[in-house]
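Here the structure comes first, spelled out in structure tokens, and everything after it is commentary.
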Amino acid sequence: MQILLVTEPGVDGVFRHVEALASFLMERDHRVHLAYSDVRGSDRLTQLVAKVAAAGGRTVNLAVSNAPGPGDVRALLKLRRLVREARPDVIHAHSSKAGALARALVWLGVWQPVFYTPHAYYGLSGKGGMKSRVFNAVEAVLGRIGTTINLSEGERAFARNTLKIPQVRLRLIANPVDCARFRPADVAKRKEIRASLGVPEDAILLGSVGRLAFQKDPLTLYHAFAKACQQRPELWLYHLGEGELSAECAALADELGIRERIVRQTYLSEPLSFYQALDGMILTSRYEGLSFAVLEALACDLPVILSRVPGNNDFMEMGLSHCWSAGKEDVDGFAKVIGQWAQDCGQGRASNHRQIAESRFSQEACFGAIVREYEQKVSAS
């Protein structure tokens, strides 16, 4: 088959999904074409574009951001031109901007089967206001075009119950994780990584990764971490990512007096070392699709602390042996469970996290299910 992948972000979880899916498809002799944007780019995006082109696929830079703008019309025309030149069997778009562009192609006479993976609807934030109403209205209309692949039960329930997208257009296929790539470090390697970061040997290191934005709610993380540090002075935080709240997070760290306990990095081309340095992983998101970061943490057999929100709730129903949770935006609740996790560290309880990652979230199972959906649509068209 020939598959056109469309993505706006070239970094973070959505892109890692696209990057892994493209590699999976090419390794199985499918021809992949790629429409992308370098507005939120990375070195790995540059590498993927080159890899697709080297394998004979066509590529185009749509040069759009995640916000609506006048460049969207130009991007839509670029995308239609690529479809006419490459003639893919299916089109698969990822995240809201790419999903809107790909599904709008039907109004320009493009009839190839279209798939859309939202990677968490904006409306799941519960934020309310005009922006949420507009996003929900757009998703509700476009949800009648093509097939939507939801990553979690919470996301699918929102699509079905709030957006009123017909059940026949929805599929539930989780994110996968590459367990061969993401695995626990041995004691010597872990010690080496932590030393390079300047983390004391006796520290308990909690990690969080993701864009510093409203969805991920890093401000609740900092407030809760500061409160937990009052009882556990050995706590440190390794925070990976950047975004529109970067400056506010830095100012808050100073205000709370925790800057000296935070290791900050904006980006890692290979995030494995991040997970291998940690004692546990925390995600205080207001909403999720199905977090790549949590899956990678599970593959590295790390304990996890999660907000009780759509997307994360799916993990809490898996019988994880080392999982703590708190409500959305609940500073006191997160501070409490950080303390409970820290108390549990070093107890030597057996973990089932990597086993669950291997058995439920392999690339063969998850991406294989996507390929079967492609094949069914192509055979029916």
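Go through (1) β-branched (V, I, T); (2) under 27 Å from G143 (Cβ atoms); (3) surrounded by fewer than 17 Cβ atoms within 10 Å (Cβ to Cβ) one by one and return the number of the condition T7 breaks.
Of the numbered conditions (1) β-branched (V, I, T); (2) under 27 Å from G143 (Cβ atoms); (3) surrounded by fewer than 17 Cβ atoms within 10 Å (Cβ to Cβ), the odd one out for T7 is (3).
Report the residue count in the stretch 300-330 for those that are among the β-branched types (V, I, T) and either touching a Gly at 6+ places or on another chain (Cβ under 6 Å) or assigned to a loop (DSSP other than H, G, I, E, B) (or both).
1
Of the residues S269, S285, which is within 15 Å of R16 (Cβ to Cβ) and among the hydroxyl-bearing types (S, T, Y)?
S269 is the lone residue from the list that is within 15 Å of R16 (Cβ to Cβ) and among the hydroxyl-bearing types (S, T, Y).
Among the listed residues L205, L212, L252, L237, identify the single one that is part of a helix (DSSP H, G or I) and either of a type in the set (A, V, I, L, M) or more than 24 Å from the chain's Cα centre (by Cα) (or both).
L252
Looking at (1) under 15 Å from the mean Cα position of the chain (by Cα); (2) under 24 Å from A247 (Cα atoms), can you tell me which one E296 breaks?
It fails just one condition, (2).
Out of curiosity, is L272 touching a residue at least 40 places away in the same chain (Cβ under 8 Å), in contact with a helix residue (DSSP H, G or I) (Cβ under 7 Å, 6 or more places away or on another chain) and either more than 15 Å from T220 (Cα to Cα) or surrounded by fewer than 17 Cβ atoms within 10 Å (Cβ to Cβ) (or both)?
So L272 does not fit the description; no.
So how many residues does the stretch 151-201 have that are in contact with a helix residue (DSSP H, G or I) (Cβ under 7 Å, 6 or more places away or on another chain) and among the hydroxyl-bearing types (S, T, Y)?
The qualifying residues number 1.
Given the condition under 21 Å from P271 (Cβ atoms), surrounded by fewer than 16 Cβ atoms within 10 Å (Cβ to Cβ), under 23 Å from the mean Cα position of the chain (by Cα) and touching a residue at least 60 places away in the same chain (Cβ under 8 Å), answer yes or no: does some residue in the stretch 34-43 qualify?
There is at least one residue in the stretch 34-43 that is under 21 Å from P271 (Cβ atoms), surrounded by fewer than 16 Cβ atoms within 10 Å (Cβ to Cβ), under 23 Å from the mean Cα position of the chain (by Cα) and touching a residue at least 60 places away in the same chain (Cβ under 8 Å).
From the residues in the stretch 319-349 that are touching a residue at least 40 places away in the same chain (Cβ under 8 Å) and among the aromatic types (F, W, Y), which one is nearest to D217 (Cα to Cα)?
For the stretch 319-349, the residue satisfying everything is F334.
Please state which one of R87, R58 is crowded, with 16+ Cβ neighbours inside 10 Å and among the basic types (K, R).
Result of the check over R87, R58: R58.
Give all pairs with beta carbons closer than 7 Å in which a residue from the stretch 7-23 that is among the basic types (K, R) meets a residue that is surrounded by fewer than 24 Cβ atoms within 10 Å (Cβ to Cβ) and in a loop (DSSP other than H, G, I, E, B); count only pairs at least 6 apart in sequence or on separate chains.
Listed by first residue and then by second, the contacts come to nothing, as the list is empty.
Which residue, of D178, D217, D186, D202, is of a type in the set (D, E) and in contact with a Ser or Thr (Cβ under 6 Å, 6 or more places away or on another chain)?
Criteria check complete, one pass: D217.
Looking at Q355, Q347, can you tell me which residue is closer than 23 Å to P233 by Cβ, not hydrophobic (A, V, I, L, M, F, W, C) and not assigned by TED's automatic domain parsing to the domain that holds V11?
Q347
With respect to R28, is the statement that it is in the same structural domain as F367 (by TED's automatic domain parsing), touching a residue at least 12 places away in the same chain (Cβ under 8 Å) and under 18 Å from the mean Cα position of the chain (by Cα) true?
So R28 fails the test.
One residue is enough: does the stretch 252-259 have a residue meeting the conditions surrounded by fewer than 18 Cβ atoms within 10 Å (Cβ to Cβ), at pLDDT 95 or above, of a type outside the set (D, E, K, R) and in contact with a helix residue (DSSP H, G or I) (Cβ under 8 Å, 6 or more places away or on another chain)?
Checked against the condition, which is being surrounded by fewer than 18 Cβ atoms within 10 Å (Cβ to Cβ), at pLDDT 95 or above, of a type outside the set (D, E, K, R) and in contact with a helix residue (DSSP H, G or I) (Cβ under 8 Å, 6 or more places away or on another chain), the stretch 252-259 yields at least one hit.
Residue by residue, here is whether (1) crowded, with 17+ Cβ neighbours inside 10 Å; (2) under 26 Å from G41 (Cβ atoms) holds:
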position: P68; (1), (2): no, yes
position: W111; (1), (2): no, no
position: V138; (1), (2): yes, yes
position: N150; (1), (2): yes, no
position: N161; (1), (2): no, no
position: K164; (1), (2): no, no
position: Q167; (1), (2): no, no
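I'm trying to understand the selection: among the residues of the stretch 113-138, which are at pLDDT 95 or above and over 13 Å from N66 (Cβ atoms)?
Correct list: P113, V114, F115, Y116, T117.
Which of the residues belonging to the stretch 165-189 are without any contact (Cβ under 8 Å) to a residue 12 or more places away in the chain and not in a loop (DSSP other than H, G, I, E, B)?
Of everything in the stretch 165-189, those that are without any contact (Cβ under 8 Å) to a residue 12 or more places away in the chain and not in a loop (DSSP other than H, G, I, E, B) turn out to be Q167, V168, V187, A188.
Suppose we filter V371, V331, V309, V304 for residues that are among the aliphatic types (A, V, I, L, M) and assigned by TED's automatic domain parsing to the domain that holds G154; which single one remains?
On inspection, the qualifying residue turns out to be V371.
The values are calculated or read from the model by the stated rules, or taken from the named source; none is laboratory data. All values derive from a computational prediction rather than experimental measurement. Ideal geometry is used to build each Cβ from the backbone, glycine not excepted, and the neighbour counts take in all protein chains shown.
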